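Each value in this text was obtained by applying a stated rule to the coordinates, not by laboratory testing. Just so you know, these numbers come straight off a predicted model, no measurement behind them. All Cβ positions, even for glycine, are placed from backbone atoms using ideal geometry, and neighbour counts span all protein chains on display.
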Amino acid sequence: MVLFSDLGIGPDLVDALEKQGISEPFEVQRESIPDSILGHDVCCRAPTGSGKTLAFGLPLLARTQLAKSKSPTSLILTPTRELAEQICSVLKPLAKAIGINVLSVYGGVSYRNQLRGLEDGVEILVACPGRLLDLIDRKALTLKHANIIVLDEADRMADMGFMEPVSRIIEMCSKERQTILFSATLDDEVSEIVEKYQNNPITIEVGPEEVSIESMEHYFWKVKNHKRVDVTADIVIKSGRSIVFCKTRRGVDRLEEDLIEKGIACTPIHGGLNQNQRDRAMRKFSTGRTMVLIATDVASRGIDVEGINCVINFDPPENGKAYKHRGGRTARAGTSGTVVSFVPKSKERIYSRIQKEVGIKYRFTLPQIEVLNENEFELVSPEKGDRSDRKSRRSSSRGRNRISKSKRKFSSRDKQKHSPYEKNKSKRRSGDIKRRKKNRNNSKKDSKLSESGKNRSRSRPKNKRKKSNYRS
């Protein structure tokens, strides 16, 4: 059995890993860590959920030099806020064991803590490209001492249009740098980055080249638009833990309201939420406090949650690649999953094209809930220390107290009549009535005056010009 110490990881990091119950490396870690820890450029193709974070994180921790204020020595670029937080949560306990600071920076939150962290000095910076460039423009940091660069989920950064910002950022880093790249695919723009910015990289390929379509059960159901909510409810009740994909933020919010009305515990995630709301939503879903996550494509990138039984395409994906990304949420680490797509009449041509791009052929049929695998799901009660739930419970109890007090106070009409609120209310009502009458009388007077003025103008004879007898 291969251990982390056999891969060149130091005893302090090995002890920190063992405290977390991690002793045996995954395949991607066994293949990539030895070359990365020697300082070689590495280009690794590996699927999501294969253990990539430790594969690049451990060599980074082992080789990172101490940093000065506003000058990180290692940089991890990632496409989404969720992924940045996930990487940070994995690396921070290990970094603490060897006296290294890790900081994540991304948009959607205040600059204050990020600026303070950079000022104090940080060795490893986990960043989204947009916020990082913004901080650089503000002179909050420099990358000239960053000599180890990691590009995580490079294919997704390409899909989201981040390749130009990524190129700008890499060119700001140290010329004598080590560049490590991890991606689910190594085509198109990703291959351009490899050719342009990596120096004789060692290429490592782990697992299937892309999400295995064969490991999923695919259903394309002909559902009218007004029936989609009912069918969605039936599916999640049968399948258990599920992710539902909508095209727009508004669609996500509307579906959340509809499912809650049907008694289904769900939570939304989209670009319109701030970071605290997104973190809270992901925490609720990952800990089992909600059964359904409703998401847009962009917001769902970087979500790594195990045990998802079903993916529902409430709205169609943009193309075959997006279909694979959505379906890949349920078919993790060799497990199988179910993908259900709603195909109204107007979307049949779109799904025919998607099937052709993916390389599958399925008929469009009527919904058959009975063919789905049944999975039991028990909601986990909120933790006692959860502030958001405590706050909501407190506010709801206050509402109940107010209602009960009002019932006790105004339980009879006699009490209402004698209450100061009702007296003032009657005074206000009588004052309003008097005011209305006065305004009505004034308007009548004005109309009478205007009418009389019109009559006078009609009765007034026209002044005819008299002929003058004067002749010039």
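Our summary of shape: the Cα atoms of region 4-205 have principal axis extents of 43, 38, 30 Å, ordered from largest down, in whole angstrom. All Cα-Cα distances of region 213-371, cut into 5 Å bins from zero to the largest, leave 1, 9, 20, 24, 23, 14, 6, 2, 0 percent in each bin in turn.
Gain on full extension, evaluated as 0.36 nm per residue between THR248 and ASN375 minus their Cα-Cα distance, stands at 42.9 nm.
Shape class for region 1-63, computed from the alpha carbon gyration tensor (a ≥ b ≥ c): oblate, with a/c not under 1.5 and a/b at or below b/c.
With K and R counted +1 and D and E -1, the other residues having a Cβ less than 11 Å from that of GLY8 yield a net charge of -1.
Let's test the formula: R0 of 22 Å, r as the Cβ-Cβ distance of ASP134 and ASN319. What FRET efficiency results, to the nearest 0.05? Intermediate values should be presented prior to the final figure.
On the way: r = 30 Å, r/R0 = 1.38.
For ASP134 and ASN319, the calculated efficiency is 0.15.
Take every DSSP beta bridge with both residues inside region 4-205 and express the antiparallel ones as a percent of the total, to the nearest 5. Write down the numbers at each step before the final one.
Working: 1 of 25 bridges.
Counting DSSP beta bridges with both partners in region 4-205, the antiparallel share is about 5 percent.
Based on the Cβ-Cβ distance from HIS145 to ASP12, what FRET efficiency comes out when R0 is 35 Å, to the nearest 0.05?
On the way: r = 24 Å, r/R0 = 0.67.
Calculated value: 0.90.
Based on the Cβ-Cβ distance of ASN200 and ARG116, what FRET efficiency does E = 1/(1 + (r/R0)^6) give at R0 = 35 Å, to the nearest 0.05? Taking R0 as 35 Å, the efficiency between ASN200 and ARG116 is 0.35. Look at the dipole of region 213-371 built from charges on Cβ: of VAL358, ILE312, PHE245, the Cα furthest out on the positive end belongs to VAL358. Computed from point charges on the beta carbon alone (+1 for Lys and Arg, -1 for Asp and Glu), the dipole magnitude for region 4-205 about its Cα centre is near 1040 Debye. Projecting label points 7 angstrom from Cα along Cα→Cβ for GLU171 and LYS356 puts them 3.9 nm apart.
For LEU118, what is the net charge nearby, where nearby means another residue's Cβ is under 12 Å from its Cβ and Lys, Arg count +1, Asp, Glu -1? Walk me through the numbers before you get to the answer.
Numbers: positive: LYS68, LYS70, ARG112, ARG116, ARG131, ARG138, LYS139; negative: GLU119, ASP120, GLU123.
That sum, taken over residues with Cβ under 12 Å, equals +4.
The listed peptides 55-66, 227-238, 18-29, ordered by packing as a protection proxy, come out as 55-66, 227-238, 18-29 (highest mean of other Cβ atoms within 10 Å first). A full extension of the chain between LYS96 and ASP234 corresponds to an added length of 45.0 nm, given 0.36 nm per residue minus the alpha carbon distance. Sparsely packed loop sites in region 152-211 (the trypsin sites (Lys or Arg not before Pro) outside DSSP H, G, I, E and B with at most 10 other Cβ atoms within 10 Å) comprise LYS175. Taking every alpha-carbon pair under 8 Å whose residues sit at least 6 apart, region 213-371 reaches a relative contact order of 36 percent.
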